[in-house]
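Here's the structure, in structure tokens; my notes come after.
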């Protein structure tokens, strides 16, 4: 049995290595998509494995394990990585000349492109290093007095919860942490959970668009509309929804939003974005001091010292790759991959799915647990016995193993996951 497992993983890894030696993706992705334009009998790309095999070639994957942990960060396509390498060479060649003479103009073009992709003005966004930097800027920069309240859930990202906790300890604000179900009955039930926590002292709500623990998608727009009706501002954490599901920032009706571009947009590590609605900029303090720009100028949030420009310049290439595939096509494929493995194991003995089943409540991220086993033991078994890399989630609100495939994930790899879960369910 052990020998057959090794043989299987070796074969799977061979598929992943089919393009390992490539420096650029050839033919170009646009040409591949054109070649696979659906006929009248085939109306979409979602289950066209020949097409996704070609997309898979755009990524370089390790031969040593099956990567089902794209939620930490998603590897760059080869052509995006090539763009970053070119940018590193160019910036190092020109050095201070580039930083003083070209940086500002070229980064403005990157911002305009990213803003257009996000559906907002470039005067409302800044490029950051990650979601934590983006949202901590807002959390610490909001005007809140001692006793003022912020509402959040026990499933929000740890860095945001920690920042709110630090603010409360330092400045005397109050955090009201609510619970939301893993399998909600309706959007209205979720909205009501936030609304029930409101008091006359409530100033802001933190709402995660796609929860990193389980992949559950929250109805941010409905929550925001309810919050605004009560005079409350909304911070949206779009870390896992941005470039994962199809939406524009205005769709959410939020006042602030942060995301990490090195996750589902496949930008280089250390790239993120902060959005601040234009009417909120002036009253929000930057994380670092900057008195050289007007209080209502979004650029006041850009003052972090020297920027990693070669990383930031590569955002354009990542957007180009994403757009070549298409937001809707990408969303449909990621949801299909999650449903592919979930539907095969959800009725097995001892298997519990911690992610909502409805399409509008989840996409590519899934979370499962096995009764009688800790998440760490499950994750260790998957890796030690099957070389499947996942992550154990050990929060009080959620205990399970998170599975996050990406566009490079093949169905045989997910078949391997299903086999491993079946073994665990019988243990």
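The values are calculated or read from the model by the stated rules, or taken from the named source; none is laboratory data. Note that the structure is a prediction, hence the values are computed from the model and not measured. Counting neighbours? That spans all protein chains shown, and the Cβs are built from the backbone with ideal geometry, glycine included.
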Next on the checklist: If a residue must be more than 14 Å from residue 223 (Cα to Cα) and in contact with a helix residue (DSSP H, G or I) (Cβ under 6 Å, 6 or more places away or on another chain), how many such residues does the range 244-254 contain?
Outcome noted: 3
Checklist outcome for this item: Filtering strands (runs of 3 or more DSSP E) wholly in the range 153-237 for at least 2 residues that are in contact (Cβ under 8 Å) with a residue 60 or more places away in the chain gives 202-208, 233-237
Item to check | Top-ranked residue of the range 75-106 - restricted to ones that are in contact with a helix residue (DSSP H, G or I) (Cβ under 6 Å, 6 or more places away or on another chain) and not in a loop (DSSP other than H, G, I, E, B), ranked as farthest from residue 414 (Cα to Cα) | outcome: 98
Checklist outcome for this item: Filter the range 152-178 for residues that are within 20 Å of residue 240 (Cα to Cα) and exposed (fewer than 14 other Cβ atoms within 10 Å of the Cβ); the one that is nearest to the chain's Cα centre (by Cα) is 158
Checklist outcome for this item: Only unsatisfied item for residue 72, checking (1) assigned to a strand (DSSP E or B); (2) surrounded by fewer than 18 Cβ atoms within 10 Å (Cβ to Cβ), is (1)
Checklist entry - In this structure, does residue 293 turn out to be farther than 30 Å from residue 403 by Cβ, without any contact (Cβ under 8 Å) to a residue 12 or more places away in the chain and in contact with a helix residue (DSSP H, G or I) (Cβ under 7 Å, 6 or more places away or on another chain)? => result yes
Item to check | Tally, over the range 359-375, of residues that are touching a strand residue (DSSP E or B) at 6+ places or on another chain (Cβ under 9 Å) and surrounded by fewer than 13 Cβ atoms within 10 Å (Cβ to Cβ) | outcome: 2
Checklist entry - So, of the residues in the range 370-388 that are outside any helix (DSSP H, G or I) and under 23 Å from residue 155 (Cα atoms), which turns out to be farthest from the chain's Cα centre (by Cα)? => result 372
Next on the checklist: Suppose the filter is within 20 Å of residue 245 (Cα to Cα), buried (at least 19 other Cβ atoms within 10 Å of the Cβ) and at pLDDT below 95; does residue 319 pass it?
Outcome noted: no
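Condition test on residue 406, is it touching a residue at least 60 places away in the same chain (Cβ under 8 Å) and surrounded by fewer than 21 Cβ atoms within 10 Å (Cβ to Cβ)?
No: the conditions fail for residue 406.
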Checklist entry - Taking the range 258-290, which residues are free of Cβ contacts under 8 Å to residues at least 24 places away in the same chain and within 22 Å of residue 228 (Cβ to Cβ)? => result 279, 282
